[in-house]
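The values are calculated or read from the model by the stated rules, or taken from the named source; none is laboratory data. The model shown is predicted, which means the values in this text are computed figures rather than measured ones. Please note: Cβ atoms are built from the backbone with ideal geometry, for glycine as well, and neighbour counts cover all protein chains shown. Quick note on the areas: whole protein, heavy atoms, side chains included, nothing else; ligands and nucleic acids left out. Shrake-Rupley method; radii C 1.70, N 1.55, O 1.52, S 1.80 Å.
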Amino acid sequence: MDKLLFKRIDLWLVVLIVVMLLLSMLAFGAIVRDRAFGHNRFGAIGEISFQIASLPAEAGRELQRLMSDDVAGMSTLHSEEFEGRSGWEFSDSRLDSGLDGYLLFSRHDGDAGHHVFELVDLKSGTVEHRIDLDASVLFSQVEHISRFGNPEDWQSHRFQAVHPLPLENGDLLVKGNSPMVRMSPCGEPIWTIDQSIFHHTIEPGLDGEFWTSSYMEEHRIDGLPNRFVDPGITKFSGDGEVLFDRSLAEVMIKADLAPLFLSYQLPMNDPLHLNDVEPVLEDGPYWKRGDVFLSIRHLSVIMLYRPSTDEVIWWKQGPWMAPHDVDIIDATTISIFNNNAYNLHGGSFVQGLSQINYYDFATDTVSRPFKEALEAQNFKNEAAGLFTLLPDGHYYVDQSEFGRTMIFTPDGELVVEHINRAENGLIYHLGWSRYLERDKGDQFLKQLRAADCE
């Protein structure tokens, strides 16, 4: 053994080994870089190399979770914010401003270790009903696993329900990078759509139908690699039937907008990223009943699309950056949740603060009507987020990445705030909540309480 360990090695052999190691490192780096930029010149070797290079970062994240008492990884990266603040804070001035209605509050409860829905009375400041989600029951009818699906994220300790929608009989539409489920008030699945993965918003459309974002199980663009993520514009019925399922990539190619996302520089894994399908319910001077507005994050594009004729009616890129959530404000105005997130290839970040933008079609101008109120709250949200203008002029802002919920008066005073902090001090993720007017909230609460749940 000693002879083997101390055997003399010629210098030329040492130099050769070092050179080979350096060349191997350079080759490995080139292969990883090729895969990181969305190419696939090296096939399976590129994928394996990329996974190996990702191991240290993955190990670091897992260690951080263990050290922070968040094994499931459902806390935000901003638990150091809002020191000393936790739970609900209702200002008495909300009563003077006339705030009313309910919030169907969707959040990961760090103390319970799973996602919950809470129906919050904004006038009384009380939680009137709570549903603790059991994801193993919720997804028990799933038969098909999409290539975009990750069943590990459909376990109770990992599932994040995003933008639940209550129905007239007390059922709810529930999903979160998962199949779509119509759920009873007791958490049991009524039906499941598992042909695809559904994500981001659910919005009621015309005639009892609903719109959402999905992923096309197989993209429909010849010549693109399998890893290309093609967003789906999807409409479905209250009975769980898919009525419309259109490839956003095909829509844009047909409208001669391919240069926006098929240029050489852009990655092929997710160049579009559809995060809101907002249906138009009434005719206006710039849109028609049945149209849908689309928010396309990775292109910083807001688009008006007409499903009946398969046409792009209007689109605008910026001045918003990486937006989430588009809403119709009035006959000529839309709102855009402007994350204002820049990608400088060293990690995305918010440039200054996030914003709520208004775009006026009549004047072709962009304004920031809530600028002072949001700046006073140091409003930042790199990804996700939701904005809702309430019927009486109050407005709700979901600062998802920070686990913070805010409601302001029409004059810009913060009168309701929730910090989703658990007893361990960590702040946990939100799931995009929904405002309900008083009459609808009362009816929903009645249905929930009448349900015979164990």
Top-ranked residue in segment 126-143 [being free of Cβ contacts under 8 Å to residues at least 40 places away in the same chain and open to solvent by less than 60 Å² (accessible area, probe 1.4 Å); ranked as nearest to residue 454 (Cα to Cα)]: 135
Go through 223, 205, 238 for me and flag whichever is of a type in the set (Gly, Ala, Ser), closer than 30 Å to residue 42 by Cβ and more than 19 Å from the chain's Cα centre (by Cα). 223
Considering 389, 448, which residue is open to solvent by 50 Å² or more (accessible area, probe 1.4 Å), modelled with pLDDT of 95 or more and within 30 Å of residue 184 (Cα to Cα)? 389
Looking for something under 19 Å from residue 429 (Cβ atoms) and open to solvent by 50 Å² or more (accessible area, probe 1.4 Å) - is there at least one such residue anywhere in segment 181-191? no
Over segment 401-421, the set of residues open to solvent by 10 Å² or more (accessible area, probe 1.4 Å) and not in a strand (DSSP E or B) is 401, 402, 410, 411, 412, 413
Report, by residue number, each residue of segment 145-163 that is touching a strand residue (DSSP E or B) at 6+ places or on another chain (Cβ under 8 Å) and closer than 28 Å to residue 278 by Cβ. 146, 148, 149, 153, 154, 159, 160, 161, 162, 163
Matching residues, segment 144-162, being closer than 25 Å to residue 119 by Cβ and either polar (S, T, N, Q) or open to solvent by less than 10 Å² (accessible area, probe 1.4 Å) (or both): 155, 156, 159, 160, 161
Just one listed residue, out of 84, 101, is open to solvent by less than 30 Å² (accessible area, probe 1.4 Å) and either on the phi > 0 side of the Ramachandran plot or in contact with a Gly (Cβ under 9 Å, 6 or more places away or on another chain) (or both), and it is 101
If you check residue 131 against the conditions, is it in contact with a Pro (Cβ under 8 Å, 6 or more places away or on another chain) and over 27 Å from residue 232 (Cβ atoms)? yes
Looking at segment 208-259 only, could you name the residues that are in a helix (DSSP H, G or I), of a type in the set (Val, Ile, Thr) and open to solvent by less than 20 Å² (accessible area, probe 1.4 Å)? 251
Go through the residues of segment 165-176 one by one and say whether even a single one is exposed (fewer than 15 other Cβ atoms within 10 Å of the Cβ), touching a strand residue (DSSP E or B) at 6+ places or on another chain (Cβ under 8 Å) and either in a strand (DSSP E or B) or in contact (Cβ under 8 Å) with a residue 24 or more places away in the chain (or both). no
Are there any pairs, at least 6 apart or on different chains, whose C-beta atoms fall under 7 Å, with the first in segment 181-207 and within 15 Å of residue 278 (Cα to Cα) and the second part of a strand (DSSP E or B) and aromatic (Phe, Trp, Tyr), and if so, which? 202/210; 203/210; 203/211; 204/210; 205/211
